[in-house]
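Following: one structure in structure tokens, then a few remarks.
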Amino acid sequence: MNLNGILQIILYFFVILLLIKPIGLYMTRVFNKEKTFFDPILCPIEKLVYKLSGVNSKEEQNWLEYAKSLILFNLIGVVVLYSILRFQNILPFNPTKSDSISPDLAFNIAASFTSNTNWQSYVPEGTISYFTEMLGLTVQNFLSAATGIAMAIAFIRALAREQSNTIGNFWIDLVRSTLWVLLPLSFIFSMIFVFEGIPQNLKPYVHARTIEGKIQILPQGPIASRESIKAIGTNGGGILNANSAHPYENPSPLTNFLQLIAIFLIGAALTNTFGRMVKDERQGWVLFTAMGILFLFGVFASYYFESLGNPLLKDFAKINMEGKEVRFGILGSVLYAIVTTAASCGAVNSMHSSFLPISGMMPLINIMLGEIIIGGVGVGLSGMFLFAIIAVFIAGLMVGRTPEYLGKKIETKEIKMSVLAVLILPLCVHCFSAFACTTPWGVRGPLNMGPHGFSEIIYAFSSASGNNGSAFAGLNANSFFYNLTTGLAMLIGRFLIIVPTLAIAGSLVRKKLVPPSSGTLPTTGLTFVFYLILVIITVGGLVYFPALSLGPIVEHFLMISGKVF
Amino acid sequence: MATKKRQSILSLEIIKQATIDSLIKLNPVTLFRNPVMFVVEVVAILTTIFFILNLCGITKENLFFVFQIAAWLWVTVIFGNFSEAMAEGRGKAQANSLRQTKLETKAKLLKDINDKEYKLIPGTELKKGDIVLAETGSVIPGDGEIVEGVALIDESAITGESAAVLKQSGSDKSSVIAGTKVISDWIKIKITSNPGESFLDQMIALVEGAKRQKTPNEIALCILLVGMTIVFLIATATIEMFALYAGTHIPVTILIALLVTLIPTTIGGLLSAIGIAGIDRLVQHNVLAMSGSAVEAAGDVDTLLLDKTGTITFGNRMADEFIPLSGVNELELADAAQLSSLSDETPEGRSIVKFAKDKYQLRERNLSQLNAEFIPFTAQTRMSGVNFENSEIRKGSTDAILDYIKRKNNDKSIQVPQELTQVIERISTSGGTPLVVARNDKLLGVIHLKDIVKGGMRERFEELRKMGIRTIMITGDNPLTARAISKEAGLDDFLAEAKPQDKLELIRKEQTKGKLLAMTGDGTNDAPALAQADVGVAMSSGTQAAKEAANMIDLDSNPTKLIEIVGIGKQLLITRGALTTFSIANDVAKYFAIIPAMFYITYPELGALNVMKLATPHSAILSAVIFNALIILLLLPLALKGVVFKPLGAAAILRKNLLIYGLGGIVVPFIGIKVIDILVNFLHLV
């Protein structure tokens, strides 16, 4: 660790802090249908979309209708994307002559991109045509992100409204998230990325002759535009296999910094949108503070352990640069790894597998906690709501009152659904990993031995179930077994959490608002922040302790005693 | 005041019964109600089977170790059962002492109200609608309402109040409780509850774990605990598969040990005891509750409606100040006031004598020795006083005394002096009553009579405010008086000139604002409001209608009890929350005990996590399991007594309890497991 690195972390966090309020306010106006700067251009488009799709923009939905629309829409997304992947060889815009994709991989990709995971078990360059790239993957990058935002907004409405039945209209939330939030932000970031030298074209790959006389293939494509939505929508799927470690995706420290900003931007600002919509901004700041503390802990822990270097190599190399880009260094790589896993993005600029055991464990922990530290756009905030509900429930008992969150009584139904939603992730991670550990098809996956190989397996299923999409690297995941299991894990981890979350919203929106008194548990203030963190760690995190002990923790101690894998 | 039927936690009789019950409760069918403990029982059975397999030489593990783990798992379940049985035992003992009398009584059953002959049947066979006769000396066989007659009734068996109460048909005091005794005269009673449906029976059902309905809040907590149990179940089950990948194998006994220490057994074992103990604490305060939810609702109450008379004030106006007019000595006024009241037996009169004694050290004198004659108050004169041989003293309303002065001075033009008007106005606006005193033809001054607020009420309302509870006074007084009293007592609001329907309306209005209300009542006209309130406490001295509408009954008929009931409700929830936090926080230490031990063979490097420096892998695992069992028993007294509850704001309570039960929950097991480990090795148990 050095001062320069620490200052960079602080600078990054400070810029995020500065952006929360303006973006939060903007999104509040968007979803409350108040006037915004973009209205003159976007309102006519919005109207046209509703007219073409037959959506009644005056109608609101109850939670069940909302959930049905959401599921239906995403189901169609899976089917369309699957078809595009299977038939891309006969579809246009295929200068790289990419072939049709095998059914298992096509299923995996379709599940991956609709669930906002962007897990990529394939090498994109040479596999994916430009048509698939733009009309398949990028479209889902926008729509899956918009789905997440819509869900969060619906949940916030449930908390803000009183004795109502409806939580908004999914179609309207979807359209407004896409048009007003994702498109303008993507446009701005794409422009900067192009300016910084990221390619944006539809040309075939360039075959260049190197100085050594060999042929090197330089991939091309609409990289800059994909790069922006990859970060803004916390999608994480790169157009190139090396993802943000590739100079075409992430050429400079500036693009690196901007990508980091873009990944946290909407997730962090949504806490403010939440605060504004429930008419108490402090409520938003409390959630952000809890997120911020967990985030900074992860960054500093990871940075500290990674800076120590590998003790076995201390005579040869002071720092551990394996799997890292020289232009990002230790801090740039560690920070990216923590941000991308905190936010359920999954883009990478270094190989997490090459981190030292403990610093490599921090991204894994971020995913295992349910990616509620900022989290994926929308889903991160709603995941935090679930923990807040459980925290409020236990803390509420501790102060001697039936618990309330923002004046809404937390009762059996909310607890039932929160517990269900919170438990899906650990269940999914454990069961799939155990399955992989005990079947020959699963064991064949990891490239490394011992605990490191185990880390590779558990990281894969955490990443898939948690809809993160980053890979630990070192796992040969493009097999029928892994394509199927991770595909299922992604769908379960996405939609089996969204449905109970919306059910809670449906139950909360009907409730009366109980006016607060000094007997009400305050959900602002540091005591609650720390209690919330305690609940996140004990209820959401402790369960992974045995698995982590068999992976990175034991690897760390083995490394100290001189054994590596 | 009632004598509280408290009993020590360690009554031998109860412990003996609870020990037997805790074995009976091992029946999986009934244990299924408590899913966490049910899981422990299932794995205890599994471990026992492994032990037998080992014994037969089918599997080869350390025999003594497996035996000990199996034994401690059974102990864990039994401790959980024991906790519930102890709480039940205490509650039952409480209720039984109330029920005792009822079982032994014979009822004189009449065919109808005019029947002259009665048939003697056991009190337990009475049905709703039966008419029974109760005469001098007999015990009333069932809850009911007097349909004919008047009688003096001794309720001390139920309430502990020694003074007998006059009850009569058609009045507000027409209901009688089983177990009370008729002291004089006779009454005919219409029984109002079927066997097993009386308040007492309800109460007994509430403290019996097996029949007890879980409250919504308890159900929610249960779901959380079940959820955590499931996820830990999966997490431990998958360890074996992860271990296989690592090329090793974990004995099932050790996996089971990890599972049992991780799932929330502490709170799982104590949950039902906490609920029962809450109801039990109410009974100790002589309050019967109709349901467990009512007790929890009491903890949630935002607003208390309190009747002024009897709750906030003593109900009688009392002397509070002697204000002499100029030229009159204060002592002179006090002396005259006392003399005029010596034979005045009205509460006001007595209070004047008492006030003169307390403040001016004026001893009581005997009027006959002074040769004085007492002039009592009449509706015509509207004043009272004394006549001495050569002087007269009078006290009364301003008008009456003015008339008296005019008469004495033979001057009809006398006006009320400016000074007096001011004093009287001051007293009136403060809600008090002025009583003017005159001697012969001279005005002496004014006695300030006022509704005296009971001692300590102001502080209690202050406590309630800290807890976020608003207090509203209900009174028939005019707004002026009401405001003065509510200000003096430190209440938040008042409802003056209140009629019963105003009360109901106030409750509805507050409820639409999302608030929960509690109130007490005794009259039939209180019934609708009692039913509407979230917590309605009927006075045991009240009418049957009031009792039926309420969800709690106070046997002491003490309206301030409401405040204690709120405290008990809060304490119940706090205890539940605190022990849940403690239980979950315990897991950290248990991981550090078991994980390094578990993988000792494959990865001895994980010994670095053995921060407690436990001696051997087996002693570490055994110690964690033993700690996990013992902590249930150690926390049982806390579960039964309830966490100490001080009226503070929610934020302060959270901070305090988080420090004690959150931090404590993390630290305590580290110490506990270490100590047990030392003992286990000292005794060579592994």
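Here are the numbers for this structure:
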| quantity | calculated |
| --- | --- |
| Answer residue from the range B:207-262, given it is of a type in the set (S, T, N, Q) and more than 23 Å from B:Thr580 (Cβ to Cβ) and is nearest to the other protein chains (Cβ to nearest Cβ) among those | B:Thr238 |
| Residue identified as within 28 Å of B:Lys503 (Cβ to Cβ) and either more than 9 Å from chain A (Cβ to nearest Cβ) or free of Cβ contacts under 8 Å to residues at least 12 places away in the same chain (or both) among B:Leu271, B:Leu288 | B:Leu288 |
| In the range B:143-152, residue surrounded by the fewest Cβ atoms within 10 Å (Cβ to Cβ) [restricted to those that are in a strand (DSSP E or B) and touching a helix residue (DSSP H, G or I) at 6+ places or on another chain (Cβ under 8 Å)] | B:Glu145 |
| Qualifying residue in the range B:626-645 (condition: farther than 30 Å from B:Ile469 by Cβ and within 13 Å of chain A (Cβ to nearest Cβ)) | no |
| Any pair with Cβ under 9 angstrom, 6 or more apart, that starts in the range B:175-190 at a residue that is on the phi > 0 side of the Ramachandran plot and ends at one that is crowded, with 19+ Cβ neighbours inside 10 Å and modelled with pLDDT of 80 or more | B:Gly179/B:Val139; B:Gly179/B:Ile140; B:Gly179/B:Pro141; B:Asp185/B:Ala151 |
| Test: residue in the range A:436-456 that is touching a Lys or Arg at 6+ places or on another chain (Cβ under 8 Å) and among the hydroxyl-bearing types (Ser, Thr, Tyr) | no |
| For B:Asn217: the one exception among (1) within 30 Å of B:Glu296 (Cβ to Cβ); (2) free of Cβ contacts under 8 Å to residues at least 24 places away in the same chain | (2) |
| A:Asn467 part of a loop (DSSP other than H, G, I, E, B) and more than 9 Å from chain B (Cβ to nearest Cβ) | yes |
| Qualifying residue in the range B:426-440 (condition: among the basic types (Lys, Arg) and in a helix (DSSP H, G or I)) | yes |
| Looking only at the range A:492-547, and only at residues there that are in a helix (DSSP H, G or I), within 11 Å of another protein chain (Cβ to nearest Cβ) and hydroxyl-bearing (Ser, Thr, Tyr), the one that is surrounded by the fewest Cβ atoms within 10 Å (Cβ to Cβ) | A:Thr527 |
| Criterion violated by B:Glu605 - all others in (1) away from every other protein chain (no Cβ under 13 Å); (2) of a type in the set (D, E, K, R); (3) more than 30 Å from B:Arg90 (Cβ to Cβ) satisfied | (1) |
| Residue under evaluation A:Phe316, criteria (1) aromatic (Phe, Trp, Tyr); (2) crowded, with 22+ Cβ neighbours inside 10 Å; (3) free of Cβ contacts under 8 Å to residues at least 24 places away in the same chain, criterion not met | (2) |
| Residues located in the range A:220-243, provided they are touching a helix residue (DSSP H, G or I) at 6+ places or on another chain (Cβ under 8 Å), of a type outside the set (Val, Ile, Thr) and surrounded by 24 or more Cβ atoms within 10 Å (Cβ to Cβ) | A:Gly221, A:Ala224, A:Arg226, A:Glu227, A:Ser228, A:Lys230, A:Ala231, A:Gly233, A:Asn235, A:Gly236, A:Gly237, A:Gly238 |
| Which numbered condition B:Thr471 fails, given (1) more than 14 Å from every other protein chain (Cβ to nearest Cβ); (2) touching a helix residue (DSSP H, G or I) at 6+ places or on another chain (Cβ under 6 Å) | (1) |
| Pairs where the first residue, in the range A:430-444, is under 18 Å from B:Ala237 (Cα atoms) and more than 8 Å from chain B (Cβ to nearest Cβ) and the second is surrounded by 23 or more Cβ atoms within 10 Å (Cβ to Cβ) and hydroxyl-bearing (Ser, Thr, Tyr), C-beta under 6 Å, 6+ apart | A:Phe432/A:Thr485 |
| Qualifying positions in the range B:111-142 - modelled with pLDDT of 80 or more, over 21 Å from B:Leu152 (Cα atoms) and either surrounded by 18 or more Cβ atoms within 10 Å (Cβ to Cβ) or among the hydroxyl-bearing types (Ser, Thr, Tyr) (or both) | B:Tyr118, B:Leu126, B:Asp130 |
| Among (1) part of a helix (DSSP H, G or I); (2) at the interface with another protein chain (Cβ under 10 Å from one of its Cβ atoms); (3) buried (at least 24 other Cβ atoms within 10 Å of the Cβ) - the single one A:Leu420 does not satisfy | (3) |
| Verdict on B:Val686 being surrounded by fewer than 18 Cβ atoms within 10 Å (Cβ to Cβ), more than 9 Å from chain A (Cβ to nearest Cβ) and under 19 Å from B:Ala257 (Cα atoms) | no |
| Members of the range B:11-41 found to be among the small types (Gly, Ala, Ser) and more than 12 Å from B:Trp74 (Cα to Cα), listed by number | B:Ser11, B:Ala18 |
| Pair list, Cβ under 7 Å, 6 or more apart: the range B:235-251 residue over 16 Å from A:Val443 (Cβ atoms), other residue acidic (Asp, Glu) | B:Ile250/B:Glu240; B:Pro251/B:Glu61 |
| Any hit, the range B:304-312, residues being crowded, with 24+ Cβ neighbours inside 10 Å, within 14 Å of chain A (Cβ to nearest Cβ) and touching a residue at least 60 places away in the same chain (Cβ under 8 Å) | yes |
| Qualifying positions in the range A:244-267 - touching a residue at least 60 places away in the same chain (Cβ under 8 Å) and surrounded by 23 or more Cβ atoms within 10 Å (Cβ to Cβ) | A:Ser244, A:Asn250, A:Thr255, A:Gln259, A:Leu260, A:Ala262, A:Ile263, A:Phe264, A:Leu265, A:Ile266, A:Gly267 |
| Among (1) closer than 30 Å to A:Ile504 by Cα; (2) aliphatic (A, V, I, L, M); (3) in contact with a Lys or Arg (Cβ under 8 Å, 6 or more places away or on another chain) - the single one A:Leu369 does not satisfy | (3) |
| From the options A:Gly346, A:Gly360, A:Gly396, residue that is within 30 Å of A:Leu526 (Cβ to Cβ) and touching a residue at least 12 places away in the same chain (Cβ under 8 Å) | A:Gly396 |
| Checklist (1) in contact with a Gly (Cβ under 6 Å, 6 or more places away or on another chain); (2) over 30 Å from B:Ala70 (Cβ atoms); (3) at the interface with chain A (Cβ under 8 Å from one of its Cβ atoms) applied to B:Gly662, failing item | (1) |
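Residues checked against (1) in contact with a Ser or Thr (Cβ under 6 Å, 6 or more places away or on another chain); (2) within 21 Å of A:Tyr304 (Cβ to Cβ); (3) of a type outside the set (Ser, Thr, Tyr):
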site	(1), (2), (3)
A:Met1	yes, yes, yes
A:Ile6	no, yes, yes
A:Leu11	no, yes, yes
A:Ile20	no, no, yes
A:Gly24	yes, no, yes
A:Pro44	no, no, yes
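The values are calculated or read from the model by the stated rules, or taken from the named source; none is laboratory data. The structure presented is a predicted model; accordingly, all values stated were derived computationally and were not measured. Note: ideal-geometry Cβ built from the backbone for every residue, glycine included; neighbour counts use all protein chains shown.
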